[in-house]
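Down below is the structure, laid out as structure tokens.
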């Protein structure tokens, strides 16, 4: 049964290792498990708008799980199977894989802002924050937490700025929304991914 809809937001650029990872994963899935229903790509001027559009496209599909894979992530088909199986078997609604950013000195920075790498357990870890570069989300979550604009349009991601909190990106906004709805988020360090981003926000 095809249960995963892969969704990739983009500002117009796609890294070579992402494209290679995706083609190899789709080829293996066709031969082996057939758990990927389709792939959606969006390219807009903001990642925020792209993610909201992908969520709407997902809810119009018959897939049960949305898997965000950013266009600068390197992954394997095994990573996709891992995150899907861990979410289903662990009854987890939001789960992230593990990836890093690198500074100019090639020192890596962990993607989870609330957990130090040394404190991670080998399997599922409850987290406060993480990037959405490789994150699986159940359909029930999006139905539960959606917000609406004054014109009635659904959204899950937004950006804001205040003197108190500074800039709040779309990923932090989304994770705050989950927190307000008492939805736990998890990370699994055994799902380790490639990442070509060199900028740490």
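The values are calculated or read from the model by the stated rules, or taken from the named source; none is laboratory data. Here the structure is a predicted model, which is why all the values come from computation and not from measurement. Ideal geometry is used to build each Cβ from the backbone, glycine not excepted, and the neighbour counts take in all protein chains shown.
Considering only residues that are under 25 Å from residue 168 (Cβ atoms) and more than 18 Å from the chain's Cα centre (by Cα), which ones fall in the range 21-67?
Initial filter on the range 21-67 (under 25 Å from residue 168 (Cβ atoms)): 42-59, 66-67.
Listed by number, the list holds a single entry, 45.
I'm trying to understand the selection: among the residues of the range 63-78, which are farther than 16 Å from residue 42 by Cα, touching a residue at least 40 places away in the same chain (Cβ under 8 Å) and out of contact with any strand residue (DSSP E or B) (no Cβ under 6 Å at 6 or more places or on another chain)?
Going residue by residue through the range 63-78, those that are farther than 16 Å from residue 42 by Cα are 63-65, 74-78.
From the residues that got through so far, the ones that are touching a residue at least 40 places away in the same chain (Cβ under 8 Å) too are 63-65, 74-77.
Across the range 63-78, the qualifying residues are 64, 75, 76, 77.
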I want to confirm something. Restricting to the range 129-141 and keeping residues that are within 21 Å of residue 56 (Cβ to Cβ) and in contact with a helix residue (DSSP H, G or I) (Cβ under 6 Å, 6 or more places away or on another chain), which single residue is modelled with the highest pLDDT?
136
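Got a sec? Which of 78, 64 is within 25 Å of residue 17 (Cα to Cα) and either surrounded by fewer than 19 Cβ atoms within 10 Å (Cβ to Cβ) or touching a helix residue (DSSP H, G or I) at 6+ places or on another chain (Cβ under 6 Å) (or both)?
Values: 64 fails: within 25 Å of residue 17 (Cα to Cα).
Answer to the check: 78.
Check 120, 116 and return the single one that is crowded, with 17+ Cβ neighbours inside 10 Å, more than 17 Å from the chain's Cα centre (by Cα) and modelled with pLDDT under 80. Working first, answer last.
Numbers: 116 fails: crowded, with 17+ Cβ neighbours inside 10 Å.
Among 120, 116, only 120 is crowded, with 17+ Cβ neighbours inside 10 Å, more than 17 Å from the chain's Cα centre (by Cα) and modelled with pLDDT under 80.
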Could you tell me which of the residues 172, 126, 199 is assigned to a loop (DSSP other than H, G, I, E, B) and at pLDDT below 90?
199
Among the numbered conditions (1) surrounded by 17 or more Cβ atoms within 10 Å (Cβ to Cβ); (2) part of a helix (DSSP H, G or I); (3) touching a strand residue (DSSP E or B) at 6+ places or on another chain (Cβ under 7 Å), tell me where residue 26 comes up short.
(1)
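Can you tell which of 57, 1 is modelled with pLDDT of 95 or more and not in a strand (DSSP E or B)?
Numbers: 1 fails: modelled with pLDDT of 95 or more.
Answer to the check: 57.
Would you tally the residues in the range 30-54 being in contact with a strand residue (DSSP E or B) (Cβ under 6 Å, 6 or more places away or on another chain) and part of a loop (DSSP other than H, G, I, E, B)? Quick ask: steps written out before the conclusion?
Just the residues of the range 30-54 that are in contact with a strand residue (DSSP E or B) (Cβ under 6 Å, 6 or more places away or on another chain), to begin with: 35-43, 47, 50-54.
Right, trim to part of a loop (DSSP other than H, G, I, E, B) and you get 35.
Residues flagged as in contact with a strand residue (DSSP E or B) (Cβ under 6 Å, 6 or more places away or on another chain) and part of a loop (DSSP other than H, G, I, E, B) within the range 30-54 amount to 1.
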Within the range 142-169, the residues that are in contact with a helix residue (DSSP H, G or I) (Cβ under 7 Å, 6 or more places away or on another chain) and either within 15 Å of residue 185 (Cα to Cα) or assigned to a helix (DSSP H, G or I) (or both) are 142, 145
